[in-house]
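Below is one structure, written out as C-alpha cells; comments come after it.
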Amino acid sequence: MRLKRLELTNFRNYANLELSFDHSLTIFTGENAQGKTNILEAIFLLSLAKSHRTNHDQEMIRWSNTEAMIKGEVETKHYTFPLELQLNKKGKIAKFNHLEQAKLSHFIGKLNVILFAPEDLQLIKGSPALRRRFLDVELGQSHPVYLNELLDYNRILKQRNTYLKQFGQQSNFDAIYFEVLTEQLIEKAVNIIKYRLNFVEQLVKLAQPVHHRLSNQSDQLQINYKSSSSRLDYTQLDTLTDQLMQLFKHSQKREKDLGNTLYGPHRDDLEFILNDKSAQLYGSQGQQRTIILSLKLAEIDLMYQLTSEYPILLLDDVLSELDDQRQHILMSYIESKVQTFLTTASISGLKLAELKQAKIYHVKKGTISEP
Ligand SMILES: Nc1ncnc2c1ncn2[C@@H]1O[C@H](COP(=O)(O)OP(=O)(O)O)[C@@H](O)[C@H]1O
Ligand SMILES: [Mg+2]
C-alpha cells in the first residue's frame, strides 16, 4: 500500500502541512528538534490511532490550540480511501472513508506501518514491556480482533488487581466474585497467548533466513515466546486453560499478599537466542542490531503474507546507525515495493544508490522545503 497524501493541522509543531507522495522513498532531513519525527509519528497515528512515543494524545496538539487533525489518503491494490484522526481535549475521533468509527479497532490497521526507531535498539536488552509492545503493535495491525482481546484483558486485569489490593487481606473478600474475574481473565489470556505464539512462530520463520544473510551466514537465530511461570507449558495449548486455573489457584495467597496478578500475558516475554546462547545476556551491540533489523524485515514479509499488501516503512534516524553493508541490504530488500519514509540529520551519512530516486525534504521549525 501507499500513502499518497498527508495533511496536518495543528499537529505538534506543524500549523499546517500538506504533502503528496509520488516517490517510493521520501527523506526528511534537518537539524534536531525541527519536526522530522513528528511527521513519522503522524503517519504512525493514522495506522494505530496511537503515538509510538506518548500515551497522552493531548501532547500532540499544537501548543495553545484545542484540536489537531491528521488526514491521509491511502492507496491499496484495490481501492483508495481517506483516513482522518482528530485529537481534541476530550479524546479522538477516527474516520475511515469520511465515516466516524465508533470503535477504534475498526480504524486501526487500515494503513499498515512498520516503524524502526532508535528506541527499537533497546528491544533485545531493554525491559520485557518493550518486547510485549512490539508484539502488540504488530498483531494489532494485522489482527484488529487481537486489540479487542487485549483491551478486555487489560480491563479485567485492572479490576482484578484493584480487588486484590482492596480486599485481599480482608474477611469480606468475595471468593466467588474473585473467581469470576479470574475465569474471565484466563479466557482472554488464552486467546492472547495463542495469537502471540502463532505470530512469533511465523515471524521466526521469516526472520531466520534474513538474519542468516545479514550476519554473513555465521549466526543462527531463535526466538521464543516465554511464559511468565515455569509451571506453564505453552507447547500444551489444549490444556492451557487448566494450567492457568491451577497456577492461579496455587498462587492466590501470594497474590493477596502482594495485591497483584502475578502471571499471565502481561508478564510474558520474548527470548532471543543466538547460536544457542541468550542474545539478551551475551549479544554484542552489532549482533543485537542485526537481530532487530532482521525482525523488521521479517515483519514486512509477514504483513504481506497476512494482508497481501506491503506495509509502509518508517525509518526514524536509524539508517545512519547501520553500517554500509546493512544499509545496503535493507534498501535492496525493500526495493521499490515498500514505500519508505526516512528521517536523518544529514544525508551524507547515507551511502545509498537509492538516494537518486528519492524525494528529499528539508525540515525546519515545522515548515518543509525542497532543497
Ligand atoms: N504539541 C506541540 N506543539 C508545538 N510544538 C511541539 C509540540 N510537541 C513537540 N513540539 C516541538 O517539536 C519539535 C520536536 O520535533 P521532532 O519531530 O521530535 O524533532 P526531530 O526533527 O529531531 O525529529 C520540538 O521543537 C518541540 O518543541
Ligand atoms: Mg527525531
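The values are calculated or read from the model by the stated rules, or taken from the named source; none is laboratory data. Not measured: the values here are computed from a predicted model. Neighbour counts run over all protein chains shown; Cβ positions are idealised from the backbone, glycine included. Ligands, DNA and RNA are excluded from the accessible area calculation, which covers all protein heavy atoms including side chains. Shrake-Rupley method; radii C 1.70, N 1.55, O 1.52, S 1.80 Å.
Below are the figures for this structure:
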read-out	value
Positions within segment 32-60 being within 11 Å of ligand 1 (Cβ to nearest atom), open to solvent by 10 Å² or more (accessible area, probe 1.4 Å) and of a type in the set (A, V, I, L, M), in sequence order	ALA33
Residue list for segment 348-371, filter: buried (at least 18 other Cβ atoms within 10 Å of the Cβ) and more than 15 Å from ligand 2 (Cβ to nearest atom)	LEU350, LEU352, GLU354
Complete set of residues in segment 309-347 that are under 20 Å from LEU123 (Cα atoms), away from ligand 1 (no atom under 16 Å from the Cβ) and either open to solvent by 50 Å² or more (accessible area, probe 1.4 Å) or of a type in the set (Ser, Thr, Tyr) (or both)	ASP323
Any hit, segment 194-211, residues being of a type outside the set (Gly, Ala, Ser), modelled with pLDDT under 95 and surrounded by fewer than 16 Cβ atoms within 10 Å (Cβ to Cβ)	yes
Filter result (in a loop (DSSP other than H, G, I, E, B) and touching a residue at least 60 places away in the same chain (Cβ under 8 Å)) within segment 247-280	GLY259, ASN260, THR261, GLY264, ASP268
Criterion: touching a strand residue (DSSP E or B) at 6+ places or on another chain (Cβ under 7 Å), part of a loop (DSSP other than H, G, I, E, B) and of a type outside the set (A, V, I, L, M, F, W, C) - qualifying residue of LYS95, LYS110, LYS125	LYS110
Selection status of GLN159, assigned to a helix (DSSP H, G or I) and either open to solvent by 20 Å² or more (accessible area, probe 1.4 Å) or at pLDDT below 90 (or both)	yes
Of all residues making up segment 11-68, the number that are polar (S, T, N, Q) and part of a loop (DSSP other than H, G, I, E, B)	10
Scope segment 22-31; condition surrounded by fewer than 20 Cβ atoms within 10 Å (Cβ to Cβ) and either more than 16 Å from ligand 2 (Cβ to nearest atom) or at pLDDT below 95 (or both); matching residues	ASP22, HIS23, SER24
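Yes/no matrix, rows are residues, columns are (1) of a type outside the set (Asp, Glu); (2) in contact with a strand residue (DSSP E or B) (Cβ under 9 Å, 6 or more places away or on another chain); (3) open to solvent by 10 Å² or more (accessible area, probe 1.4 Å):
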site: LEU232; (1), (2), (3): yes, no, yes
site: LYS253; (1), (2), (3): yes, no, yes
site: ILE273; (1), (2), (3): yes, yes, yes
site: GLN288; (1), (2), (3): yes, yes, yes
site: SER294; (1), (2), (3): yes, yes, no
site: ILE300; (1), (2), (3): yes, yes, no
site: TYR304; (1), (2), (3): yes, no, yes
